[in-house]
Amino acid sequence: MSITVTQLSKVYEEQRAVNDISFSLNKGEVVGFLGPNGAGKSTTMKMITGYLPPSGGNASVCGYDVVTHPMEVRQRIGYLPEANSLYKDMYVREFLSFIAEVHKLGSNKEKRISEVIAMTGLQPESKKKIGQLSKGYQQRVGLAQALIHDPEVLILDEPTSGFDPNQLVDVRDLIRELGKTKTIMLSTHIMQEVEAMCSRVIIINKGNIIADDSLQNLQQGDQQNGYIQVSFGAPLPAEAELLQIPGVTRVKQQDGGTWQLFAANLEDVRKNLLQFALISNRNILSLQSNSQSLESIFRELTK
Ligand SMILES: Nc1ncnc2c1ncn2[C@@H]1O[C@H](COP(=O)(O)OP(=O)(O)OP(=O)(O)O)[C@@H](O)[C@H]1O
């Protein structure tokens, strides 16, 4: 297991920011950690990386407890914090060289610095001081420092914040590429990010985990409770007829021949609807299963 979190809690004075959460990440998984503002994402990530002591429970990385074996954990983990506290007065290479020394890269240092500069697309700006860089390029420096020691596990707290749409594509591609060989946990507010990069989603709300499932299951789970939008040509069917279709629980007329057929299992109802059209000689002009986006699932789960 790359990350194991067991009954982890964090209490800040009166507030329980993280409440007894448990999950684990298998090697090679890319998991989106989703939640509204203040849900406890950064707090959880800080505990996994060993930057914040837990109030209860424990976390381990590649089998090493983050409290009792912090050095082993830091060797294996790359962390991009949300507030990317870079040394703004340092030059990009100078800063990466400093981080490389912290990780004791030795003779391999210069080669590795050049590699991470290339990986994160920093070349055009690599001769500048960090403080002179745009937000997106500073974020790239943050990613480069997280990658310098080639860690097995990456914890990325809102890795795409500060990027313009073009840069966003580059960074998503980089994360997808890294996900082929590393275990990645990334937090974001942007649902499309999860859909673009992750195979699994953990949703946290008010310090509690309210969903932990594969992206596919979360989307399918919703589809099973969705509706089919169907448009009929003349002669139009009556409401009572549509309600007779096995599996349909409710119908709603949109306009004229267009209806929404609600069902618990869309797959079955789709078949039954086609059967109905065939037997009763109805013309189906269009048919569309309504699959909610992860964004609406997220809103549903966190409201
Ligand atoms: N150092 C602190 N002292 C007191 N309360 C804190 C501290 N850090 C975080 N909190 C509180 O803990 C809760 C969880 O914060 P956290 O930063 O983990 O949330 P988040 O999900 O990362 O939010 P965001 O998406 O806005 O970054 C919030 O209510 C926050 O105000």
* **Cα centroid separation, segment 1-16 to segment 168-221 (Å)** => 20
* Asked: For segment 60-157, what size does the Cα cloud have along each of its three principal axes, sorted from largest down, in whole Å?
  -> 39, 31, 21
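On a 27 Å Cα-Cα criterion, which of the cross-link pairs LYS46/LYS104; LYS129/LYS180; LYS104/LYS128; LYS182/LYS303; LYS46/LYS182; LYS88/LYS206 come out too long?
Details: LYS46/LYS104 23 Å; LYS129/LYS180 32 Å; LYS104/LYS128 24 Å; LYS182/LYS303 33 Å; LYS46/LYS182 19 Å; LYS88/LYS206 34 Å.
LYS129/LYS180; LYS182/LYS303; LYS88/LYS206, as the Cα separations exceed 27 Å there.
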* Asked: Which cross-chain or sequence-distant (5 or more) residues have an amide H under 5 Å from the amide H of LYS10, H modelled 1.01 Å from N in plane?
  -> ALA17, VAL18, ASN19, ASP20, SER55
* To do: Enumerate the whole-percent occupancy of each 20 Å bin, from 0 to the last occupied one, for all C-alpha pair distances of the chain.
  => 29, 43, 21, 6
* Take the chain, connect every pair of alpha-carbon atoms lying under 10 Å apart with a spring to form a Gaussian network, then pick out the residue of VAL31, VAL201, VAL169 with the largest mean-square fluctuation. => VAL169
* Among the DSSP beta bridges whose two residues both lie in the chain, what percent are antiparallel, rounded to the nearest 5? -> 70
* Give me the Kirkwood hydrodynamic radius of segment 158-303 in Å, from all C-alpha pairs, to one decimal place? -> 17.9
* **Calculated from backbone phi, Karplus (6.51, -1.76, 1.60) coupling profile of segment 22-32 in Hz, x at Gly/Pro** => 9, 6, 9, 10, 6, 4, x, 7, 10, 10, x
* Under a 10 Å cutoff between Cα atoms, tell me which one of PRO159, PRO237, PRO70 has the largest fluctuation in the Gaussian network model of the chain. => PRO237
* How far, in nm, would the chain grow between ASP213 and SER296 when pulled straight, counting 0.36 nm per residue and subtracting the alpha carbon separation? -> 28.3 nm
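Could you tell me which of rounded, prolate or oblate describes segment 57-111, using a ≥ b ≥ c as the square roots of the eigenvalues of the alpha-carbon gyration tensor, with rounded for a/c under 1.5 and, failing that, prolate when a/b is larger than b/c and oblate otherwise? Walk me through the intermediate numbers first.
On the way: a/c = 3.39, a/b = 1.60, b/c = 2.12.
Here segment 57-111 falls in the oblate category.
With all protein chains present, how much of the accessible area of the chain (probe radius 1.4 Å) comes from carbon and sulfur, to the nearest whole percent? Could you put the intermediate results ahead of the total?
On the way: 7080 of 14900 Å².
After summing per-atom areas, the C and S share lands at 48 percent.
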* Choose one answer from VAL194, VAL102, VAL18: the residue with the largest mean-square fluctuation in a GNM of the chain with alpha-carbon springs under 10 Å. => VAL102
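The values are calculated or read from the model by the stated rules, or taken from the named source; none is laboratory data. What you see is a predicted model, and the numbers here were worked out from it, not measured in a lab. Protein only, heavy atoms only, side chains kept; ligands, DNA and RNA dropped before computing areas. Shrake-Rupley method; radii C 1.70, N 1.55, O 1.52, S 1.80 Å.
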